[in-house]
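Nothing in this text is a laboratory measurement; each read-out follows from the coordinates by a stated rule. Source: prediction; values computed, not measured. Note that each Cβ is placed from the backbone with ideal geometry, even for glycine, and that neighbours are counted across all protein chains shown.
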Amino acid sequence: MSTKSAPFDELDRKIVAALIENGRASFAEIGSAIGLSPTAVKRRVDRLRESNVITGFSATVRPAALGWLTEAYVEVYCDSAAPPRRLAEVVRNHPEIAAAMTVTGGADALLHVRATDVEHFEEVLERIRTEPFIRKTISYMVLSHLLPDSPEAGARRSSEDARDRPHPQKRAANQR
């Protein structure tokens, strides 16, 4: 295999965009939308996978369907700049942490936490705080997603689903 990768062109961008929109789209469907044969789409997808442009395919799941109804972002401040490797070890021990990254600014890391309810979130936060090198945390509870189609928000709902099911907060307000 050659170490030199083929250029990433406009057709590759369209293929990647189609797969991001619908990872289950067939090569024929993608080809029809962008003007390529299914075989040409497959060759390009294979090349994009080999060059690690496409790193995998996954299902997007609506967290609430799994019982994860509470969501927060937690800034983590460490004593004496704990190495990212040590932070990674800690976050792997908490299944409630959906994403974690080191960041610039005052905090050392930012955690995306999902929990079943506020009490569960508080318990997760207390477990995180027991780590000896964590000096403090600042939490931000998610009230709503402004970009509901983003991966962080969970699975996309079709426009029909959105019309048929009012937002939980609106349902609660209507019941008062």
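Using Cβ point charges alone (K and R +1, D and E -1), the dipole size of segment 11-50 about the Cα centre works out to roughly 100 debye. What you get for segment 68-124, charging only the Cβ of Lys and Arg (+1) and of Asp and Glu (-1), is a dipole of about 360 debye around the Cα centre.
Each of T55, V74, V45 was scored by the projection of its Cα onto the charge dipole of segment 1-143, and the greatest displacement toward the positive side belongs to V45; charges sit on the C-beta of Lys, Arg, Asp and Glu.
Remark: spin-label model distance L110-V16 equals 2.1 nm, labels positioned 7 Å along the Cα→Cβ axis. The residues packed around G106, meaning those with a beta-carbon under 15 Å from its beta-carbon, carry a net charge of -1 if Lys and Arg are +1 and Asp and Glu are -1. Across segment 126-131, computed HN-Hα scalar couplings (Karplus, 6.51 cos²θ - 1.76 cosθ + 1.60, θ = phi - 60°) run 5, 4, 5, 5, 6, 5 Hz from first to last residue, x flagging Gly and Pro.
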